[in-house]
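One structure below.
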Amino acid sequence: MALLPVNIRTARAILPIFFAVALGFVLFYMYAVNMSIGSLLSGIPIINSKPASKDETPTPTHDPPRYKPTPTWVPPPVFDPLPLLAMSTAEPPPIPEYNVPRPDMHQEYGLDRAPPLYIGFTRQWPMLLQAVVSYITAGWPADNIYVVENTGAHNSNRQGKLSLQNPFYLNHTTLQRLGVHVVQTPVLLSFAQLQNFFMSQAYESDHRYYFYSHQDVVVFSFEDGPDNNQRPGDRPWQFYDKEDEVAAMFPNPARQPGYRTIYENCLRELNATLEMGERWGQRWFQYDHLALVNRDAMEAVGGYDPLIPYYNSDCDINGKLAMGGWTLRYRRVGLINDVSSVVTNLEAFYRNPSITPSFTDPNPLPPEQEAKILSDKAEKEAKEKAAQKEAARIAAEVSSEDGNAVSARRDGMMPTDPVEYFRILNKVGVDMGWHKYRDHDNVRNTWQSSQRGGFGEPFYYDPLGFGRAFWVLAEAGREVYRQKWGHRDCDIAEGTALKLGDQWRVEKDWGEKKEGE
């Protein structure tokens, strides 16, 4: 049957009624399920539109927390001590010609490959950069230096996301221009874990021997020959014979036959140690501020104990090595300064005659505390007039006791000869070491808390909180050490009858009267 044509007027009359019925049905459904117009529309997809993020911050219902007092002393901002590389694409200046390492020098000492030098870094970029520059200008090949970035900030530094005032800031570009390698730890490691990471890197690269150093050091070669300056970290040197003692204590100066850089002396030391056939574990060159490690020895004693994260971790590993018959000797290969301050412009290490060497403390103490330290020191030195006179002479020539930059020479002129320049630079290094220990051990680690910036940047951690947590973990590690060995002091090998197998098996040896007392 044919369809009847629809009357247009009738259709126009029906359509409004149809839409009204449909709308009524929708409103009734919304009422039944308790929906809103917004929620209904939200289900309709809209092209190229992103839903707004919802603020999930809970509304406070408790009393506000009680905050600790805001520190009244804030250290000044840190600065980049090598602006030449930080601000441009310039290459680093040339190092003194007599410190340029010969190609494949390791082969001259019977080594089939050059052992790497690992320098761990967690905080304080100026300190690290200073250590690296001092090694390079003293003759250590940049290509053999591996900076181990242990910040816990993942790729943030590599991608340039952290600012200079952030304690964890590290400039990958500057290090690459210097020619050193950067290795990144997967997460933030403690000191003991970092030492085990060095060993892991040695396994991965098949190095049986490697060097490691701290970032708070300034090193030099014996450019001016014998050096009688006393440094706080010095220990009694150990010699094999008279000839060995003469070579270490009366080295030939730069440009003279027989002159050796700190790097060449380290290669020579490794060669001599291997030829002796000694069962050796480590060689320390001014405590462990620079150290040579035998990977086989570390493996034999199980490496560093990761549950003793910081202090006493060295007591533990040294004791284990000694118990296992692996020797440790204090050897002299160069001039090593344990410092807490920074040379104001690191171009001084390249012997730029337009720069007068000076140093700045990145974390000066509150004025009243610094004044008391200086007052106590002055009172003590008053009893030693000769020493006081010498200290005043050095301070006038080199730098001030509070670490502020001053001229090294009254006329402001610096010598163009690198060896003459070195004599002044070396005095600055010595003064920096004594500045770190100006109050014995009480302020030597304050540099670690000097930077306070970085808030809001990736993986930010409150700097003061980081420092407090460090000491909590350090004390926890000391307690682990005490319980592990039943002994409190750092002499488990020479001061007790303990053996390697006694770990965690002995009662404590203090607090009770011994038999016969």
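In region 268-279, is there at least one residue being in contact (Cβ under 8 Å) with a residue 60 or more places away in the chain and of a type in the set (Gly, Ala, Ser)?
No, that holds for no residue.
Return the residues of region 216-246 that are surrounded by fewer than 21 Cβ atoms within 10 Å (Cβ to Cβ) and either assigned to a helix (DSSP H, G or I) or among the polar types (S, T, N, Q) (or both); say none if nothing qualifies.
Asn228, Asn229, Gln230, Gln238, Lys242, Glu243, Asp244, Glu245, Val246 - these are the residues of region 216-246 that are surrounded by fewer than 21 Cβ atoms within 10 Å (Cβ to Cβ) and either assigned to a helix (DSSP H, G or I) or among the polar types (S, T, N, Q) (or both).
Could you check, for region 243-266, whether at least one of its residues is at pLDDT 95 or above and more than 28 Å from Val419 (Cβ to Cβ)?
No, because not a single residue in region 243-266 is at pLDDT 95 or above and more than 28 Å from Val419 (Cβ to Cβ).
Restricting to region 439-482, and then to whatever is assigned to a helix (DSSP H, G or I) and of a type in the set (Val, Ile, Thr), can you tell me which residue is modelled with the highest pLDDT?
Val480
Does Arg488 satisfy the condition of being outside any loop (DSSP other than H, G, I, E, B) and among the basic types (Lys, Arg)?
no
Within region 81-97, how many residues are in a loop (DSSP other than H, G, I, E, B) and farther than 15 Å from Leu128 by Cα?
Qualifying residue count, region 81-97: 10.
Considering only residues that are of a type outside the set (D, E, K, R) and either open to solvent by less than 10 Å² (accessible area, probe 1.4 Å) or modelled with pLDDT of 95 or more (or both), which ones fall in region 331-344?
Looking only at region 331-344, we keep the residues that are of a type outside the set (D, E, K, R), and these are 333-337, 339-344.
Scanning region 331-344 gives Val333, Gly334, Leu335, Ile336, Asn337, Val339, Ser340, Ser341, Val342, Val343.
Before we move on, is Ala291 open to solvent by less than 30 Å² (accessible area, probe 1.4 Å), in contact (Cβ under 8 Å) with a residue 12 or more places away in the chain and farther than 20 Å from Ser200 by Cβ?
In short, no.
When only residues in region 199-215 that are of a type in the set (A, V, I, L, M, F, W, C) and assigned to a helix (DSSP H, G or I) count, which is least open to solvent (accessible area, probe 1.4 Å)? Working first, answer last.
To start, the set of residues in region 199-215 that are of a type in the set (A, V, I, L, M, F, W, C) comprises 199, 202, 211.
From the residues that got through so far, the ones that are assigned to a helix (DSSP H, G or I) too are 199, 202.
Details: Met199: 21, Ala202: 0 Å².
Selected residue: Ala202.
Could you check how many residues of region 45-67 are modelled with pLDDT of 80 or more and among the acidic types (Asp, Glu)?
The total comes to 1.
Using the structure shown, decide if Tyr169 is over 23 Å from Tyr203 (Cα atoms), of a type outside the set (Lys, Arg), modelled with pLDDT of 95 or more and open to solvent by 20 Å² or more (accessible area, probe 1.4 Å). It would help to see each step written out before you state the result.
Details: over 23 Å from Tyr203 (Cα atoms): yes; of a type outside the set (Lys, Arg): yes; modelled with pLDDT of 95 or more: yes; open to solvent by 20 Å² or more (accessible area, probe 1.4 Å): yes.
Taking the combined requirement at face value, the residue satisfies it.
Filter the helices (runs of 4 or more DSSP H) completely within region 248-334 down to those with at least 3 residues that are over 27 Å from the mean Cα position of the chain (by Cα).
262-276
The values are calculated or read from the model by the stated rules, or taken from the named source; none is laboratory data. Predicted, not measured: the structure shown is a model, and the values here were computed from it. Every residue, glycine as well, gets a Cβ built from its backbone with ideal geometry; the counts of neighbours run over all protein chains shown. Surface areas here come from the heavy atoms of the whole protein model, side chains and all, with no ligands, DNA or RNA. Shrake-Rupley method; radii C 1.70, N 1.55, O 1.52, S 1.80 Å.
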